[in-house]
Amino acid sequence: LAKTTQPISMDSYEGQEVNITCSHNNIATNDYITWYQQFPSQGPRFIIQGYKTKVTNEVASLFIPADRKSSTLSLPRVSLSDTAVYYCLVGGMDTGRRALTFGSGTRLQVQP
Amino acid sequence: EADIYQTPRYLVIGTGKKITLECSQTMGHDKMYWYQQDPGMELHLIHYSYGVNSTEKGDLSSESTVSRIRTEHFPLTLESARPSHTSQYLCASSEPNQGARGGYTFGSGTRLTVV
């Protein structure tokens, strides 16, 4: 099972681009990378999922280098409402696990 | 708009009471999960289900029990609530391949306080 490592916290200002990197050195061939956002007293919300290269949707981009040992969630022009905890999950069909484990995540604080 | 619904949203209850936390989803997902999360802490899987009449315990030992009689419904029950059960309980579901990949849809959670 791929272990993930993320920064514990990050600070940013409104309007800036924020990049959160997740390390997953022992990612398996069939593993996908998924990012979630969680606000206090809410359930995590799916942001984006990718396997390789770059994935973009209306809220974020996910960059995955060729070796797939890390991934970077990019949030363009953050606002105060992006203050949340962000989780990186790695897993795939071969994990044999019932459900993936959410680590401690990265606490992003956006300042005015 | 949520496709997975949890009720109640908040619950304060006395020690020794029996409680059931409700979770329903309208997506037809076979796989459903219950996570427990203390404030500012990690999510821990306490129960999961692959489908009707299938329930398994998760990574974190829990005194709660679950049932899966209908695909859309996955309630969690505490027979005798204790202050140590105070926590946030999150229900989730996933499409067949996404359970292993990490693609879950979560409800808003039930924040339980046992006094």
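The values are calculated or read from the model by the stated rules, or taken from the named source; none is laboratory data. This is a predicted model, so every value here is computed, not measured. Note that we place each Cβ from the backbone using ideal geometry, even for glycine, and neighbour counts take in every protein chain shown. Calculation scope for accessible area: heavy atoms of the full protein, side chains included, ligands and nucleic acids excluded. Shrake-Rupley method; radii C 1.70, N 1.55, O 1.52, S 1.80 Å.
With every protein chain kept in place and ligands, DNA and RNA left out, what is the accessible area per residue of region B:16-81? Probe 1.4 Å, answer in Å².
48 Å²
Could you tell me the distance between the Cα centroids of region A:1-71 and region B:58-115, to the nearest Å?
First find each Cα centre; the distance between them is then 24 Å.
Only four residue types carry charge here, +1 at the Cβ of Lys and Arg and -1 at the Cβ of Asp and Glu. Report the dipole size of the protein assembly as shown about the Cα centre in Debye, rounded to the nearest 20.
That gives a dipole near 300 debye.
Over the alpha carbons of region B:49-115, what is the largest minus smallest coordinate on each principal axis, giving the biggest first in Å?
40, 22, 21
For region B:1-100, what relative contact order do you get, as a whole percent, if you take Cα pairs closer than 8 Å and at least 6 residues apart?
Reported as a whole number, the value is 35 percent.
Taking the Cβ of B:Gln88 as the centre, find all other residues whose Cβ is under 14 Å away and add up their charges (Lys, Arg: +1; Asp, Glu: -1).
Combined, the nearby Lys, Arg, Asp and Glu give 0.
Mean separation of Cα pairs under 8 Å and 6+ residues apart, divided by the residue count of region A:1-97: what relative contact order is that in percent?
Across region A:1-97, relative contact order equals 36 percent.
Choose one of A:Ser74, A:Met10, A:Thr56: the residue whose Cα lies farthest towards the positive end of the charge dipole of region A:9-96 (beta-carbon charges +1 Lys, Arg; -1 Asp, Glu; about the Cα centre).
Final value for the positive-end residue is A:Thr56.
Give me the inter-chain shielding for A:43-50: mean count of other chain Cβ atoms within 10 Å, whole number please.
5
Please report the equivalent ellipsoid semi-axes of region A:11-112, computed as sqrt(5 x eigenvalue) of the Cα gyration tensor, largest first, in whole Å.
24, 16, 10
Under a Cβ-Cβ cut-off of 15 Å, what is the net charge of the residues other than B:Leu112 that fall near it, where Lys and Arg count +1 and Asp and Glu count -1?
Result for the local shell: +1.
Kindly compute the accessible surface that chains B and A hide from a 1.4 Å probe when together, both sides summed, and give it to the nearest 100 Å².
That pair hides around 2100 Å² of surface in total.
For B:Lys18, list the aspartates and glutamates whose Cα falls under 15 Å from its own Cα; do not include residues on the same chain fewer than 8 positions away.
Answer for B:Lys18, where 15 Å is the Cα cut-off: B:Glu63, B:Glu79, listed by chain and number.
Can you give the average number of partner chain beta-carbon atoms within 10 Å of each beta-carbon in peptide B:39-45, as a whole number?
Average neighbour count from other chains, rounded to a whole number: 5.
On a straight-distance basis, which lysines could pair with B:Lys31 in a cross-link, Cα separation under 22 angstrom, same-chain partners fewer than 8 positions away excluded?
Filter leaves B:Lys57.
Nearest 20 debye, what's the magnitude of the dipole of chain A about its Cα centre given +1 on Lys and Arg Cβ and -1 on Asp and Glu Cβ?
Dipole about the Cα centre, nearest 20: 340 debye.
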